Amino acid sequence: MRSHRGPSRSVRPSHAVRTGFAALLVGACVAPALHAQSSTFSGAVALSSQLVDRGQAITRTTPILQGAASWTFPAGWSLGLSASTEVRSPGHVVAALAQASRHWSLAGDWQLQAGLLYYRYPGTGRSRGFDRAEATLSWSYRDVLTFGLSAIRVIGAKGHQRPRGAADISFHWPLARQLFLSAGAGAAQSPIAPYNAYRYSGEYDRAGPRRRIPGGIHTYGHVGLLWSHGPWQVELDRILADPETRWQWDVMGASPWVATVSWSF
């Protein structure tokens, strides 16, 4: 999120520990939100090497084209839409996101954001297991530190289900004039119900079999470098996930490195 006394306005909060196109949308929404005196339209286009959601691969390692558009209004409200598609199959959307959020300036350099997000993955049966709605609350210090909590409702799950939770933290630190260290970590309750060795849990059969992860919690993170110049931004991240989560849940396997080039307007 933005502070008037923070670093360069072109540097956006990194959410690579979550998902690339969510970061694109959040950046497009947040950047003008704290400065707008009237409604403002903004957008971003990006090319990524893979789509990763909280440490788990949504697509195979293939170029992903992403686009985001946002509208910001006085008093900190913003609305946003984004979509992602594989470059080799441009007519097939692999991910979409809609977001509504509200931003507040707190004391000093702190900002608060509350939001509602809807994730839709119309790809394989496995990726559709990540369809969900999220209510989020996050706090940011300048462009340096962001901490967020999420309550997650899985879309289409059978039977009664309780909301799942997640916590994410991201960090930016300037290394040079336009170069930043980017890092983040998080923990989330698994979006797909665990699989029992003898029978399915009954939830998300369409996603295919999964082995049980103790407690249903998986951890993830990233560390990398971000370069920003005007509307351009380049980020290279080392994706991290606990080995048990990667082996048991991530069938396609997240690439250890994800690169993203984006342009904002």
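The values are calculated or read from the model by the stated rules, or taken from the named source; none is laboratory data. Keep in mind it's a predicted model, so treat the numbers as computed, not measured. Here Cβ is always computed from backbone atoms with ideal geometry, including for glycine, and neighbour counts include all displayed protein chains. With ligands, DNA and RNA removed, areas are computed over all heavy atoms of the protein, side chains included. Shrake-Rupley method; radii C 1.70, N 1.55, O 1.52, S 1.80 Å.
What are the residues in the stretch 44-57 that are closer than 12 Å to residue 239 by Cβ and surrounded by fewer than 24 Cβ atoms within 10 Å (Cβ to Cβ), if any? Hits for the stretch 44-57 are 49, 50, 57.
Each row is one residue, and each column tells you yes or no for (1) in a loop (DSSP other than H, G, I, E, B); (2) at pLDDT 95 or above.
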residue	(1), (2)
162	yes, no
169	no, yes
172	no, no
176	yes, no
181	no, yes
188	no, no
191	yes, no
195	yes, no
201	yes, no
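This table checks each residue for (1) of a type outside the set (Asp, Glu); (2) touching a Leu at 6+ places or on another chain (Cβ under 9 Å); (3) open to solvent by 30 Å² or more (accessible area, probe 1.4 Å).
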{"site": "59", "(1), (2), (3)": "yes, yes, no"}
{"site": "76", "(1), (2), (3)": "yes, yes, no"}
{"site": "97", "(1), (2), (3)": "yes, yes, no"}
{"site": "108", "(1), (2), (3)": "yes, no, yes"}
{"site": "112", "(1), (2), (3)": "yes, yes, yes"}
{"site": "137", "(1), (2), (3)": "yes, yes, yes"}
